[in-house]
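> Can you keep this structure in mind? I'll have questions shortly.
The values are calculated or read from the model by the stated rules, or taken from the named source; none is laboratory data. In this text the structure is predicted, and so the values were computed from the model without any measurement. Cβ sites come from the backbone with ideal geometry, for glycine too, and all protein chains shown count toward neighbours.
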Amino acid sequence: MNAHSIPIEKTGLVIVDLTNDFLASNGAYGRAGQGAPEIAALPERIKPLVDVMRRKGGYIISAQFTLVPAKNGEPIISPHLKELRPFLGKGDFAPGSWGNSLVDMLQPADLVVEKVAYSSFYMTRLEWVLRKCGIEKLLVGGIVTNGGVASTVRDAHVRDFETITLSDGSAAFSQETHDIAIAALKPVSRIATIADMIAEFTAQ
């Protein structure tokens, strides 16, 4: 089966880190004044594609960065992340919490994966659930383009999933950073717009 003949029933949209703690004004990043207009606009931009995929039988997959609580509920935070985001603390990105959930506009996800690093595959069950559900093609979008999105796309590529990166369904903290990351993914992924994919799925 070649890439273009993979049906939507075997296709998943991996939404990387579009959670309340990243996007909501009262989430962890919002309370710290961290954000960007391009990031805030993503849920509304992706929603039409989510709706088409649901209607046509595709999978909606939410990959959610998680801070695992340890003793006394204190989160395990990697040193580099603690230095970069010193505002992160107890309760932020906690498993099962409101902050760690996909934003309401894109709910519900068919599959949810907690992740502890950039890639949605690193030390998660994502590959296992994709294989069990018969998913062969992945569309990837979310935040940030140069972090979670790029890492997930590259890991999908080496696992032989047909991979499509959503150029306007991803965002970074600057347009320049986003553009550089998208250009760097061209050797390992098809690059497409949300409108491109809606048109293809609508025609199926």
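> All but one of (1) closer than 18 Å to residue 18 by Cα; (2) buried (at least 20 other Cβ atoms within 10 Å of the Cβ); (3) touching a helix residue (DSSP H, G or I) at 6+ places or on another chain (Cβ under 7 Å) hold for residue 111; which doesn't?
(2)
> I would also like to ask the following. Within the stretch 5-20, is there a residue that is modelled with pLDDT under 95 and either surrounded by 22 or more Cβ atoms within 10 Å (Cβ to Cβ) or not in a helix (DSSP H, G or I) (or both)?
Yes, the conditions are met somewhere in the stretch 5-20.
> Sort through 78, 62 and tell me the only one that's of a type in the set (S, T, N, Q) and modelled with pLDDT of 95 or more.
62
> Consider only pairs whose beta carbons are under 6 Å apart and that are at least six residues apart or on different chains; among these, list those whose first residue lies in the stretch 119-130 and is within 21 Å of residue 146 (Cβ to Cβ) and whose second residue is of a type in the set (Lys, Arg) and crowded, with 17+ Cβ neighbours inside 10 Å.
Every condition considered, the pairs that remain are 124/115.
> Does residue 179 satisfy the criteria of being of a type in the set (Asp, Glu), modelled with pLDDT of 95 or more, surrounded by fewer than 16 Cβ atoms within 10 Å (Cβ to Cβ) and assigned to a helix (DSSP H, G or I)?
Criteria met by residue 179.
> Another question, if that's okay. Residue 85: touching a residue at least 24 places away in the same chain (Cβ under 8 Å) and more than 20 Å from residue 194 (Cα to Cα), yes or no?
Considered against the rule, which asks whether it is touching a residue at least 24 places away in the same chain (Cβ under 8 Å) and more than 20 Å from residue 194 (Cα to Cα), residue 85 comes out as yes.
> Checking the structure you have, find out if any residue of the stretch 56-66 is assigned to a loop (DSSP other than H, G, I, E, B) and crowded, with 18+ Cβ neighbours inside 10 Å.
Looking for residues that are assigned to a loop (DSSP other than H, G, I, E, B) and crowded, with 18+ Cβ neighbours inside 10 Å, one finds at least one in the stretch 56-66, hence yes.
> Let me ask something else about it. For the stretch 50-91, give me the residue count where each residue is of a type in the set (Lys, Arg), more than 19 Å from residue 16 (Cβ to Cβ) and out of contact with any Phe, Trp or Tyr (no Cβ under 6 Å at 6 or more places or on another chain).
4
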